[in-house]
Amino acid sequence: MDPEVAVPVRHRSQAWCWCMCLGLGLMLAGIVVGGAYLYRYFVFQEGEVFFCGVDYREEDYMPRYRTLKENIRILPDSDVELISVPVPEFADGDPADIVHDFHIRLTAYLDLVLNKCYVIPLNTSVVMPPRNFLELIINIKAGTYLPQSYLIHEQMIVTDRIENVDQLGFFISRLCRGKDTFKLQRREFPDGIQKREAAECHKIRHFENNFVVETTICEQ
């Protein structure tokens, strides 16, 4: 994990996992020990689509928890993860559709507020490969997962416009077709310091690993 983007764990706290299969109507719960933020994971499965969520505190001193939910479809044979983030319960990010395509090594974010697509090289230090991510979800369902409770911040800068989305592979081109589509460049900060920008920025919170990622996309 790059030190520039990770907020390290400072203290230990409890965490737990809720899992449910809609077809069977069964709920499994497990209590485990995690890190600095308090997480509750839950997974609902209907066919090939999983509904997953996590309750988390951004800081130890915050009394309230925030909930991040996702619809996840994993296609191991295609090496692709399809993630849909609905409107957050708190004003801490935009709803979005996300494609992680390990075959062509690209990630695409469709910000549903802006109706714009953003494409960047896949960050394998943040995004689990599809088979590993599927195994993680299965472990959450089984109540055996031990969460690693830390929050990742990453900031992206919008660069060039992409005129032809057909070159981006089947899944990303399907996501971005008919949308204004742009390249992103990751902004790195020394010593893990995130500087505030005066530029217009939008945030998307999502998870495709055992931690939550806040992706901030800023216009230059």
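The values are calculated or read from the model by the stated rules, or taken from the named source; none is laboratory data. Remember, predicted model here, so these are calculated numbers, not experimental data. Virtual Cβ from ideal backbone geometry, glycine too; neighbours counted across all protein chains shown. With ligands, DNA and RNA removed, areas are computed over all heavy atoms of the protein, side chains included. Shrake-Rupley method; radii C 1.70, N 1.55, O 1.52, S 1.80 Å.
Each peptide in 134-140, 98-104 gets a packing score, the mean of other Cβ atoms within 10 Å over its residues, and the list from highest to lowest is 98-104, 134-140. Remark on D94: its backbone amide H falls under 5 Å from those of K203, I204, R205, a criterion applied only to residues 5 or more positions apart or on other chains, H modelled at 1.01 Å from N. Amide H to amide H, with H built 1.01 Å from N, Q155 comes under 5 Å of R187, T216, counting only residues 5 or more places away or on other chains. Backbone phi angles across segment 82-89, fed through the Karplus curve with coefficients 6.51, -1.76 and 1.60 (θ = phi - 60°), yield HN-Hα couplings of 10, 10, 10, 9, x, 4, x, 5 Hz in residue order; Gly and Pro are listed as x. Across E163, E219, the residue with the most accessible area heads the list, and the full order at a 1.4 Å probe is E163, E219.
So how much slack lies between D92 and R186, counting 0.36 nm per residue of separation and subtracting their Cα-Cα distance, in nm? Before the final figure, lay out each step's value.
Working: separation 94, 0.36 × 94 = 33.84 nm, distance 2.04 nm.
Working it through step by step, the gained length comes to 31.8 nm.
On full extension of the chain, what length is gained from K179 through E163, given 0.36 nm per residue of separation minus the C-alpha to C-alpha distance?
4.8 nm
Across segment 164-177, rounded Karplus estimates of 3J(HN,Hα) from the backbone phi angles (6.51 cos²θ - 1.76 cosθ + 1.60, θ = phi - 60°) give 10, 7, 5, 6, 9, x, 4, 6, 6, 5, 5, 5, 9, 4 Hz, Gly and Pro being marked x.
For the peptides 167-177, 202-212, residues were scored by their other Cβ atoms within 10 Å and the scores averaged per peptide; the highest-first order is 202-212, 167-177.
Each residue of segment 207-218 was assigned a 3J(HN,Hα) from its phi angle through the Karplus expression (A = 6.51, B = -1.76, C = 1.60, θ = phi - 60°), giving 9, 9, 7, 8, 8, 9, 10, 10, 9, 9, 10, 10 Hz with x at Gly and Pro. The amide H of F182, built 1.01 Å from its N in the peptide plane, has C117, Y118, V119, I162 as neighbours under 5 Å, considering only residues 5 or more places off or on other chains.
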